[in-house]
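The values are calculated or read from the model by the stated rules, or taken from the named source; none is laboratory data. All values reported here derive from a predicted model rather than from experimental measurement. Reconstructed Cβ throughout: ideal geometry from the backbone, glycine too, with neighbour counts over all protein chains shown. SASA here: full protein model, heavy atoms, side chains in, ligands and nucleic acids out. Shrake-Rupley method; radii C 1.70, N 1.55, O 1.52, S 1.80 Å.
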Amino acid sequence: MQRNAIILISICLCLLPFTAVQAQRDTIRLTLEETVKLAQLQSVDAAVALNSLKTAYWQYRTHKADQLPEVNFTGTVPSYSNNYSRYQQADGSYTFVQNNWMTLNGKMSIDQNIALTGGRISLVSSLDFTRQLGKGAHNEYMSIPLGLSLVQPVFGVNNQKWQRRIEPVRYREAQAMYIENTEEVTLSAITYFFNLLHARENLMIALQNSENADKLYQVALAKRQIGYISESDVMQLELSALQAKGLVTEAMSNLNANMFQLRSFLALDEDAVIEPVEPPTAPELRVTYNDVLDKALENNSFAQQIRRRQLEADYAVATARGNLRNINLFATIGYTGKDVGLRDSYDRLQANQMVEVGVTIPLLDWGKRKGQVKVAESNRDVVLSRIHQDQMTFNQDIFLLTENFNNQAAQIEIAARADLVAGKRYNTSIEIFLTGNISVLDLNDARKSKDEARLKHIDELYKYWRYYYNIRSITLFDFLTGNNLDAEFEEIVRR
């Protein structure tokens, strides 16, 4: 407690000119958990993750809408023509005739994709109006009160069936990816937080070392007067005091740079002064490789990505096979009527039916389409091989991450003990120097060990929390609370 008070007083004295200008600046004490929450709410990276989710959401909504009936209206209001065109007469000769007319037409249709067959069925009602202009001008109407049309590929690939299989997987992948991107924001926030914490500890160490170096130099001068220490040792301590002052300036600049980075990342006011709170001792938590792997395969976007890549590869093969022959069925049934009057065009209705089958079968293509099928099949085999390799790499990364996390708690305990011992050794070395005889080299070695042990403790804490949040980002599961990481995606995309 006394040591911390001395350090804080020293900081205040050292930064007095600086704080005189910034006395009115807000000081924000942030714990690691508070930093993570702020980052997920208002960082730029969080906004990027949200926009990626919105893109995937509306793409999925478009796919869903494509499965529902559409009501469409098409029309021409009006079309006018007054020109001459070439016309072949009964004797084979050609002449030019004048076209002078105006038309209006409109069609209302209800269209529905048929997911089972890949076709499209439409219920249609239309009305056409033509007015012949010039000499003998007259009107004529043609109506189709009700018609039913069907367009159906016979042997081609059913695109709608494949999209119904692929798009839900793609959207689930995007949902998992959003949470993972949010966790990536968390990892960045942790890095910035510990960088600032490390810089603050470095400044406190530099201030304490500078203060101690000045005191030791003054003691050395007194010892030199009574011949108890050599001139070389005095000069060495003077040099250490000067170097310590330089390190204070360097540490202060480093602290300001890291504070600016965290402040910018969290989108905080530029006048805010962030005071990071050192996390407490790491909680007692151990995870097993099998548990982490099971949660990752259950929740991670990687599992959905594998499924999507497999489906897309199969879809490419099915498309290539469907292109071997192309047969389309087009059929229309209904009633039509025509007359010079609008009402009469709906009275005397006649059957309006048409069936058309279009066939495209290559008789000689030198194996081009068959080659396209082989290419698609080879590409699918490549995709499957890469998926297998990616799966092995994924499992290996999880194994190493789990091992590192489980070992890190012990590393923190060792670092904390080393920090305590190194601090005691340094204090003992100073006391011996003040009252007895110790070499400057031993004194500097004790100081260096103390500084390294303190910063090592901070670094080990950083590694622990980074490993932990890495596991969270991969599994989308919080092992401390025992809950899955989830989100209300419908609400999120409407922000």
So if I take the centroid of the Cα atoms in the stretch 294-308 and the same for the stretch 71-112, what is the distance between those two points in Å? 57 Å
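Using DSSP to call loops (not H, G, I, E or B), can you name the trypsin sites (Lys or Arg not before Pro) in the stretch 121-174 whose Cβ has at most 10 other Cβ atoms within 10 angstrom?
LYS135
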Could you tell me the largest-minus-smallest coordinate of the C-alpha atoms of the stretch 293-357 on each of the three principal axes, in descending order and whole angstroms? 75, 31, 14
What base-10 log of the normalised intensity I(q)/I(0) is obtained for the stretch 26-126 from the Debye formula, alpha carbons as equal point scatterers, at q = 0.12, 0.20, 0.22, 0.23 Å⁻¹? -0.78, -1.05, -1.12, -1.15
Violating pairs (Cα-Cα greater than 31 angstrom) within the set LYS37/LYS245; LYS295/LYS370; LYS37/LYS463: LYS37/LYS245; LYS295/LYS370
Would you mind getting the accessible area per residue of the chain, heavy atoms of the protein chains only, 1.4 Å probe, in Å²? 59 Å²
Report the convex hull volume per residue for the stretch 58-109, counting only C-alpha atoms, in Å³. 175 Å³
At q = 0.12, 0.20, 0.22 1/Å the base-10 log of I(q)/I(0) from the Debye formula over the alpha-carbon atoms of the stretch 141-211 is -0.70, -0.94, -0.99
Heavy-atom accessible area of the stretch 65-155 with neighbours in place, 1.4 angstrom probe: carbon+sulfur share in percent works out to 59 percent
Considering only DSSP states other than H, G, I, E and B, which trypsin sites (Lys or Arg not before Pro) in the stretch 318-403 qualify as loop sites with at most 15 other Cβ atoms within 10 Å? ARG325, ARG343, ARG348
The base-10 log of I(q)/I(0) that the Debye equation returns for the chain at q = 0.07, 0.12, 0.13 Å⁻¹, one scatterer per C-alpha, is -0.68, -1.17, -1.26
Apportionment of accessible area to carbon and sulfur, the stretch 368-495, percent (1.4 Å): 51 percent
Over all directions, the average projected area of the alpha-carbon convex hull for the stretch 67-223 comes to how many nm²? 24.7 nm²
Sequence-separation-based contact order of the chain, relative, with Cα cut under 8 Å and 6+ spacing, percent: 19 percent
Where Rh is the Kirkwood radius over the Cα pairs of the stretch 253-385, the temperature 4 °C and the viscosity 1.567 mPa s, what D in µm²/s does Stokes-Einstein return? 54 µm²/s
Reach of LYS223 by Cα under 19 Å, taken over aspartates and glutamates that are not fewer than 8 positions away in the same chain: GLU211, ASP214, GLU231, ASP233, GLU238, GLU431, ASP442
Name the longest site-free stretch of the chain, where the excluded sites are GluC sites (Glu not before Pro) in a DSSP loop with no more than 13 other beta-carbon atoms within 10 Å. 1-269
Calculate the tail of P(r) for the stretch 386-437: the fraction of all Cα-Cα distances greater than 14 Å, expressed in %. 71 percent
For helix 440-475, what angle does its Cα long axis make with the longest principal axis of the chain, in degrees from 0 to 90 and rounded to 10? 20 degrees
Quarter of the Cα convex hull surface for the stretch 124-182, i.e. its orientation-mean projected area (nm²): 9.6 nm²
Taking the convex hull of the Cα atoms, report for the stretch 347-495 its projected area averaged over all directions, in nm². 25.1 nm²
